[in-house]
Structures are given as C-alpha cells and as structure tokens.
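First up is the structure itself, then whatever we jot down about it.
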Amino acid sequence: MILSETQAPLLRICALTKRFGGFTALHSVSVDIRPGERFGLIGPNGSGKTTLINCISGAFRTEPGTILFRDEDITPLPPHLRTCRGIARSFQIPRPFRSMTVAENLMVALDFAAHEHVSVAQRRDTMMSILDQMGLGSKVNVSATQLSQVELRKMELARAMATHPKLLISDEAMAGLSSSEVDEVLDLLLSLASRDITIIMIEHIMQAVMRFSERVMCLDAGRIIAIGAPSEVMADKRVQEAYLGT
Amino acid sequence: MKRSSIAFWIGAVVFLAAVLVMTQVVGNQYPFFAGYVILQSIALAVAWSILGGYAGYVNFGTSAFYGVGVYASVFMVSAFGAPLPVQILTGAAIGALMGLALGLLTLRMQGIFFSIATIALTIVIETTITNWRYVGGAAGIQIQRPAATSPFDNYVQMLFFVQAVLVVVAVAISRYIQNSWVGRGLQALRDDELAAECTGVPTLRLKLLACVISGALMCAVGAPAAMYLQYADPGSAFNLNYSVTTLAMALIGGTAHWAGPIIGAILLGTTQQLLTVTISSEVNLLVLGLMLVLFVVGAPEGIVGLIHKLRGNRKEGKI
C-alpha cells in the first residue's frame, strides 16, 4: 500500500467538469487511481458516478479538465482509442451486440482492441479462456439475446476483458442480481484484480463495495465528499447524510 | 482458401461463363434488355446493403449515386470519347469520393436523420445536373454507341456481360466484408454504436469505409446505363424509384447475409419485369409496396432471415 502511493498514478483526473446545458453534473473532480488498485465509487442516484466513467471512457466530451492515462493526455481521444490504450468498461444496463453469439461478441473486442497481431486460432483460445474464467464456457455459441441477466453481466465483463485492459470500469455489474449472483460476480472481479488489472467499481450494494475496495470515493451532486479507506468513508458524516438525507 | 470460398468462386465463374454463352447463342434481343435491368438491380441491392444492411445506415441516396454514375459516363464520352471500362472506373472513383463526402457530412447523424440527409443529396445533385448545359441540362442528352467489341456482335449483349461482371465484383466485395473484421465491426456498430466504440471499434472510420465502397459500387453500376439507354436526362437518371426499389430488394431478401440482396433483387426484379410487360408499369409500384408491407409484417429479417429461422426451428425440433 505504501509502495503504491509513491508510484505514478495509472489514471489521473484533473479538475474535470461536465455540464449538460445549465446543469453541472461534475464539479471540478480530481482524483488519482493507482496501478493495481481496487477502487470503489459510490454515491446516491444522480450523483455523477456514471457521468464520471462516461468521461473516462470517452463517451462524453469534457471541458474543462484533463484525463491522463499512464502519463498520456487522453482527453481528446475518441472512445475506441481509449479502449486500445487499455481502458475497458461494462455498462450499467448491459449493451450486448444482439445479433451476435457470445463468441462473436468477444471476437469484436479481440479483432479491434487486441494489442498484438495474433492468429485467428490464438484469438479463439484467448476467447475461450476468458469465457471459461467467467463461467460462460457452455454459452459460446448461444445468441446474446438468450442470456439471463447475470449471464449478460458476465458477458459485459468478458467482452471488456477481451480488450485486454489495464483499467476495467465496472458500472453496477451487480445491480438487480440475487445475493448469490452478487457473490459470483464479486469473486470474478476480485480474481481479475489479482491479475494486475486496476478496477474501478461503481456499486450500490454496500457490502460488495466494502468487501471489494481498497479505497472508496463518494460523490454527491457532482462533488467528491469523501475519499479514503472503506470504513472511514462509511463512517463519514457527510456520506451518511448524502445517503440517508438530513 | 476455405472450401466455401472455392465454391463461391467456382459459382462466379460458372455464372459468367453462362452469361457469355448466352450472349453468343441467344439471338433475340429482349432477354438482354430485361436481363440487364435485373442484373443492375442485383448489383445495386448488393452495393446498398454494404452500408444499409451491415452497418444499418439506411441510405435513400441510391438514385444520387446511380445518377452520378450515369452522368460520369455522359461526361467522359462527350469530353473524351472514353471507352466503357474507363467510364465505369471513372464512375467508381467519383462514387468513392462522393461516398466519402457524404459520409463525412452525414455519418455523425444516426438513424432517420442520416436517411433524410441522403434524400437531400439526391435532390441537390439532380438540380446541379439539370442546370449543367454541357451534359444536356434538363432536356437530356443523346449518346452514340460505338461498335461492339468482339466476341460480342451487339452492344446490348456486351453491356449485359459487363453488368454481370459488376454483379460478381459487388458480391465478392460484399462477401469479403461480411466474413472479415470489417463486417464484424459494422455488425457491432449496427447493434450498438456506443458499445462498439467502447469495445475498440473505430465506428466513424468503418462507416466511412462502408459508405465509400457502397458509393463507388453504385456509381459503377450506373455508369453503363448511359450506353444502355443511349440517352440520359436528370429526371430518369436520378429517379427516386432506384432508391426505393433497391432498398426494398435488399430488405425483402434480408440484409444479414450477402446472398440476401441477390435473392431479393432477383425475386423483385423479375416480378417487376414480368408485370411491366404483361400488365403495366404502374402495377409494378403497387406490387412493390404490397410485398414490402408483407415482408415487414411477416418476415422482418427478409427471406434469408426466414430461412434461418426455419432451419433453427427444425434443429430445435430434432433435439
């Protein structure tokens, strides 16, 4: 932990502001994410969590503010180039490629975001190992429309993993799942984190956040109101107020 | 080469050989006149579906591209007396540039807005040509056919063969795209553009590529039409019918597979030819409309989708 604090950050967000017309969704947010960190992002509904990751992944243009990824300014880059640099995300509401099978969904990622030129056979191997790891091995040739909710979440993560990310952003991958399914997805994320992938996890399920995160940040109305160890953040008076109301 | 590829190329060669033999054996001119129109429809539908089918960007500008192809030929003939292959290549080059320009201007728009922009394109270009005296303006222009080159003893027969070659080129390109990473990327962005971007697909660049290829092919298909009719005028070269029928053919055949537009074009093109001869050309449009409605309701994925579904059902039934 002490060692990682002296390391250069993997992702540095500087004074990021995002406005939608007259509404400011993010007020000058600055935060550093360290390499290998398990970072929890919490906050009440509408606090700007998804907006923040849309800015990081490039779905939204930001102005003003800069985002540095591995010391490179990625603010002007479109989403696909950020993906190729190593930022992957899952979506809050799963967005599979519906006309494709599970295998083809992953092949898109392997075709476009793979860093090195590898043969089709090797790509199929990579795909199979990711699917096995995600527990989707038996669903390879199933159409994406026939997956259950938890399988869709897993496929979102699998597709993100297929882009070979250094930073994985999981946007409420557990929302709406049963508690055993939550544990399943959580174990998956933990196993990914143990393999040198930095993970930002957005979640409403507090016990999952507490179990997963090394550091937690709480947003409220587009501002950071607390950041630090999970227990500290949970104990913070402003965080409790934000969640429970005053 | 894969076995399916070998089968495809053998099929293509057999098709071209059959067309060639037909031009040597059949003496009656009518089959070539009618067949040319059907071949042209196939090539247009296949070219259209590269952008309209794979990428899901419904293009109403087929007539704009087709018309520009016609007028590219007209210009090349009246300015330089260029031979047919040069006319077609010029058409393809202009079509590619036009596709690039159209794409840069409009592909940032999604769904219906893109479609509306493509309709506007047709009108803008038609108006321009109507006011360009050199290529005949609103009155149109007559074009002299040169003598046919051997082994063809008739120019229409030669055009028939040339159009068959264009069909093979269009289908080969479309098939290649479907089976390559380009096709997978287009399919991904059709399903979900943001998810595709976040999976690493350069969506804008792929859409541009599809638009350029589709545009180049549609212009190339239009180019020989000037010689076919020996006459060109803006009203018929830019007729919106081309846009509507091409779209209908691709959708009725099914756009998920390269063979879909071919099936649709043969079915619809033949029906239209038969109806035009036996009843009237107005009934044509009625039938077109009816078929489109029937397919939208009964088989929204087109004939290819229907076959796919039936096959799937049968497989499930066995288990």
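The values are calculated or read from the model by the stated rules, or taken from the named source; none is laboratory data. None of these values were measured; they are calculated from a predicted model. Cβ: placed from backbone, ideal geometry, glycine included. Neighbour counts: every protein chain shown.
Here's the yes/no breakdown for (1) at pLDDT 90 or above; (2) farther than 13 Å from residue B:166 by Cα; (3) not aliphatic (A, V, I, L, M):
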position	(1), (2), (3)
B:24	no, yes, yes
B:32	no, yes, yes
B:36	yes, no, yes
B:43	yes, no, no
B:48	yes, yes, yes
B:51	yes, yes, no
B:55	yes, yes, no
B:62	yes, yes, yes
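Working carefully through the options A:242, A:208, find the one that is at pLDDT below 90 and within 18 Å of the chain's Cα centre (by Cα). When all the criteria are applied, what remains is A:208. Scan the range B:190-234 for residues that are more than 17 Å from residue B:101 (Cα to Cα), within 14 Å of another protein chain (Cβ to nearest Cβ) and of a type in the set (S, T, N, Q) and jot them down. Residue satisfying the conditions is B:199 alone.
Taking the range A:87-120 as the search range and keeping residues that are of a type in the set (Asp, Glu) and facing chain B (nearest Cβ under 9 Å), which one is surrounded by the most Cβ atoms within 10 Å (Cβ to Cβ)?
Keep residues of the range A:87-120 that are of a type in the set (Asp, Glu), which gives A:104, A:111, A:116.
If we keep only those that are facing chain B (nearest Cβ under 9 Å) too, we end up with A:104, A:111.
Numbers: A:104: 19, A:111: 21.
Taking the candidates together, the pick is A:111.
Just one of (1) closer than 19 Å to residue A:90 by Cα; (2) in contact (Cβ under 8 Å) with a residue 12 or more places away in the chain; (3) surrounded by fewer than 19 Cβ atoms within 10 Å (Cβ to Cβ) fails for residue A:123. It is (1). Within the range B:248-271, the residues that satisfy the criterion of being in contact (Cβ under 8 Å) with a residue 60 or more places away in the chain, buried (at least 24 other Cβ atoms within 10 Å of the Cβ) and in a helix (DSSP H, G or I) are B:249, B:250, B:253, B:260, B:261, B:262, B:264, B:265, B:268. The residue of the range B:235-247 that is nearest to the other protein chains (Cβ to nearest Cβ), among those that are among the small types (Gly, Ala, Ser) and crowded, with 22+ Cβ neighbours inside 10 Å, is B:243. Residue selection: residue A:47 fails the criterion of being outside any loop (DSSP other than H, G, I, E, B) and either more than 14 Å from chain B (Cβ to nearest Cβ) or out of contact with any strand residue (DSSP E or B) (no Cβ under 6 Å at 6 or more places or on another chain) (or both). Of the helices (runs of 4 or more DSSP H) lying entirely inside the range B:98-193, those containing at least 3 residues that are farther than 27 Å from residue B:264 by Cα span B:112-130.
Checking the structure you have, find out if any residue of the range A:139-154 is within 10 Å of another protein chain (Cβ to nearest Cβ), of a type outside the set (Gly, Ala, Ser) and at negative phi. Write out each step before concluding.
First, pick out the residues of the range A:139-154 that are within 10 Å of another protein chain (Cβ to nearest Cβ): A:143-144.
Applying the additional criterion that residues be of a type outside the set (Gly, Ala, Ser) yields none.
Scanning the range A:139-154, I find no residue that is within 10 Å of another protein chain (Cβ to nearest Cβ), of a type outside the set (Gly, Ala, Ser) and at negative phi, so the answer is no.
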